[in-house]
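Right, one structure below, let's go through it.
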Amino acid sequence: MNLQTFKGSCHCQAVKFEIDSKLEEITTCDCSICLRKNALMVKVPEAALRILSGEDLLSTYTFHTHTAQHYFCSVCGIYPFHRKRVTPDYFGVNVYCLSDFSPEGIPQRATDGRGMP
Ligand SMILES: [Zn+2]
């Protein structure tokens with residue numbers, strides 16, 4: 001797939017964003033928070049994520065090393081993306097927040113979050 005722009009939003013549409021991605025791979029993670037979110041994610045460099053609206057409505061949750069920034073909409077509670085811990089200049093984006101997106105045919109990889117110190 002070529003580099004494409006995908007639009008995304010939280011559930012209540014307060015938070016809108018777009019990403020540039022080839023969607024070559026999507027990942028799951030077995031860390032304590034991704035498990036609970038049942039998250040399916042695509043990794044994008046920070047320059048490839050643009051928040052179009054609702055930045056002021058995003059709340060941040062951190063835990064453990066407090067490096068990763070887990071964003072969620074303070075109105076509807078949906079997780080749209082998080083700043084990653086091992087590679088903090090990258091975001092993990094919740095692919096189910098993208099409009100017109102289907103994970104079909106995209107390779108999925110399970111990442112080892114639980115094993116991180
Ligand atoms: Zn929302």
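The values are calculated or read from the model by the stated rules, or taken from the named source; none is laboratory data. Just so you know, these numbers come straight off a predicted model, no measurement behind them. So basically every Cβ, Gly included, is an ideal-geometry build from the backbone, and we count neighbours across all protein chains shown. With ligands, DNA and RNA removed, areas are computed over all heavy atoms of the protein, side chains included. Shrake-Rupley method; radii C 1.70, N 1.55, O 1.52, S 1.80 Å.
Miscellaneous remarks
- The criterion of at least 3 residues that are at pLDDT 95 or above is met, among strands (runs of 3 or more DSSP E) falling completely within region 1-40, by 4-9, 16-21.
- Test result for Val15, within 18 Å of Leu3 (Cβ to Cβ) and either surrounded by 11 or more Cβ atoms within 10 Å (Cβ to Cβ) or charged (D, E, K, R) (or both): no
- Of all residues in region 45-56 being of a type in the set (A, V, I, L, M) and assigned to a strand (DSSP E or B), the one that is farthest from the ligand (Cβ to nearest atom): Leu49
- Test: Arg36 is under 13 Å from the mean Cα position of the chain (by Cα) and open to solvent by 70 Å² or more (accessible area, probe 1.4 Å): no
- Test: residue in region 62-73 that is more than 20 Å from Ser21 (Cα to Cα), of a type in the set (Gly, Ala, Ser) and surrounded by fewer than 17 Cβ atoms within 10 Å (Cβ to Cβ): no
- Among the conditions (1) surrounded by fewer than 16 Cβ atoms within 10 Å (Cβ to Cβ); (2) among the hydrophobic types (A, V, I, L, M, F, W, C); (3) outside any loop (DSSP other than H, G, I, E, B), the only one that Val93 does not satisfy is (1).
- The numbered conditions (1) closer than 21 Å to Thr5 by Cβ; (2) open to solvent by less than 40 Å² (accessible area, probe 1.4 Å); (3) outside any loop (DSSP other than H, G, I, E, B) are all true for Ser59 except (1).
- Leading residue by the ranking (nearest to the ligand (Cβ to nearest atom)) among those in region 66-79 that are under 14 Å from Cys34 (Cβ atoms) and assigned to a loop (DSSP other than H, G, I, E, B): Tyr79
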